[in-house]
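Enquirer: Sharing a structure with you now.
The values are calculated or read from the model by the stated rules, or taken from the named source; none is laboratory data. Note that this is a predicted model, so its numbers are computed, not measured. Ideal geometry is used to build each Cβ from the backbone, glycine not excepted, and the neighbour counts take in all protein chains shown.
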Amino acid sequence: MADTFKAIQVSRDEEKKQSVNVVELTSDDLMEGDVTIAVEATTVNYKDGLAITGKSPVIRHWPMVPGIDLVGTVLESASSEFSKGDKVLLNGFGVGEVHWGGYAERARLKSDWLIGLPSGIEPKQAMGVGTAGYTAMLCVMALERYGITPASGPIVVTGANGGVGSVAISILSRLGYHVIASTGRVDESGFLKELGANEIIDRAELSEAGRPLGKERWAGGIDAVGSHTLANLLAQTNYGGAIAACGLAQGFDLPATVMPFILRGIALLGVDSVMASKELRKEAWDRIATDLDMGKLAALTTEIGFDDIIQTATDIVDGKVRGRVIVDMKS
Ligand code: NDP
């Protein structure tokens, strides 16, 4: 009998009603790829929450094994880049959306999507970072490319208690920036200050329709929220500053005016992690290894087991998850 392993599978019936089940699969069931991996750990990102709850159409191939991030050990490889026993890392590339992902004890993936686990980072730490944390690093790099430095002035981070936000605060603080954290959970100020936030503001200040231009408050920002929040961020950025936009937790709309662009020369920097090039991924992960305090990462992560994934996916969409979640596939 072939070896079986457990997986979470999301299916759709003829009326397009979605259901989520724990199933037993064999390696023969896996989708095509040149590298087969024993999954050691995964995580729950906001996008995984959307996939499992069906709140947004993240899944585009049925049935789907969700999980946009995974880390594990190569079992079989037809690629010259990876060999049996190598530790590999996957973030995005449509995995968990169009190709079976991390919520299974085995995954078969294309070698083009994989990078070797960066030295200095343990497998579970890599999942503590995950797509959310690697995106936070991409946002920091986007601001740097634009010329923003700690001397430019404060940086605002929205969705501060979430995955992108909490990792962004930790990285920016380590790099010497003055960080303003915007959150709906001001009772978590102590946690955000431990990560390195210098000031905490209530997200309600930013979440309603505001004026086209406001008082200049920050040199740059990392926005995981979108909608009115992003519009207000732009309207309150110092002359010549920039906002890196990566998320839509409030909404995917952008009810803004051109005034910040044409009167203050503000830049809006779009950040995508899913299709980012391998070179950019490697650069971001190398920077994570040096610029993210692993003690702070431990403080912002919670560890769960395979059986807790489905509930946590619902919780993240409901805004109840703080920081990042590591899923140990062996527990
Ligand atoms: P989380 O759910 O961990 O964090 C989102 C945070 O946003 C929440 O913790 C909350 O922070 C805040 N928030 C939630 N709802 C609202 C609301 N209605 N209005 C204002 N703030 C809100 O998600 P992630 O950090 O993993 O992801 C954040 C966003 O970034 C998501 O939209 C995700 O899809 C996107 N993303 C995009 C990527 C890309 O490649 N561009 C990659 C990774 C993520 P608080 O409680 O502190 O207010």
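Enquirer: Out of everything in segment 159-186 that is within 16 Å of GLY220 (Cβ to Cβ) and among the polar types (S, T, N, Q), what residue ends up being nearest to the ligand (Cβ to nearest atom)?
Expert: Filtering segment 159-186 for residues that are within 16 Å of GLY220 (Cβ to Cβ) and among the polar types (S, T, N, Q), the one nearest to the ligand (Cβ to nearest atom) comes out as SER182.
Enquirer: Working only within segment 199-237, note down all residues that are part of a loop (DSSP other than H, G, I, E, B) and within 24 Å of the chain's Cα centre (by Cα). Step through it out loud before you land on a result.
Expert: Filtering segment 199-237 down to residues part of a loop (DSSP other than H, G, I, E, B) leaves 206-217, 224-225, 236.
Selection gives LEU206, SER207, ALA224, VAL225.
Enquirer: Right, another one. Please go through segment 196-214 and pick out each residue that is away from the ligand (no atom under 13 Å from the Cβ) and within 16 Å of LEU234 (Cβ to Cβ).
Expert: Of all residues in segment 196-214, those away from the ligand (no atom under 13 Å from the Cβ) come to 196, 198-199, 209-214.
Within segment 196-214, ALA209, GLY210, ARG211, PRO212, LEU213, GLY214 qualify.
Enquirer: For the list (1) closer than 13 Å to ALA231 by Cα; (2) touching a residue at least 40 places away in the same chain (Cβ under 8 Å), I need the number of the one condition that LEU254 fails.
Expert: (2)
Enquirer: Just name the residue that is surrounded by the fewest Cβ atoms within 10 Å (Cβ to Cβ) out of those in segment 167-198 that are in a helix (DSSP H, G or I) and of a type in the set (A, V, I, L, M).
Expert: Filtering segment 167-198 for residues in a helix (DSSP H, G or I) gives 167-174, 186-195.
Pick out the ones that are also of a type in the set (A, V, I, L, M) and you get 167-169, 171-172, 186, 192, 195.
Working: VAL167: 32, ALA168: 34, ILE169: 30, ILE171: 28, LEU172: 28, VAL186: 16, LEU192: 26, LEU195: 27.
This residue is VAL186.
Enquirer: A follow-up question, please. Considering only segment 219-240, state which residues are away from the ligand (no atom under 14 Å from the Cβ) and under 21 Å from SER170 (Cα atoms).
Expert: Listed by number, the residues that qualify are ALA219, GLY220.
Enquirer: A further question follows. Residues that are crowded, with 19+ Cβ neighbours inside 10 Å, in contact (Cβ under 8 Å) with a residue 12 or more places away in the chain and in the same structural domain as VAL44 (by TED's automatic domain parsing): list the strands (runs of 3 or more DSSP E) wholly contained in segment 100-166 that include at least 3 such residues.
Expert: Details: elements: 106-109, 114-116, 155-158.
Ranges flagged: 106-109.
Enquirer: Tell me the residue from LYS278, LYS282, LYS296, LYS330 that is more than 9 Å from the ligand (Cβ to nearest atom), over 19 Å from the mean Cα position of the chain (by Cα), within 19 Å of ALA126 (Cα to Cα) and touching a residue at least 40 places away in the same chain (Cβ under 8 Å), please.
Expert: LYS330
Enquirer: Counting only residues that are over 15 Å from VAL129 (Cβ atoms) and of a type in the set (Asp, Glu), which one in segment 270-311 is surrounded by the fewest Cβ atoms within 10 Å (Cβ to Cβ)?
Expert: The residue in question is GLU279.
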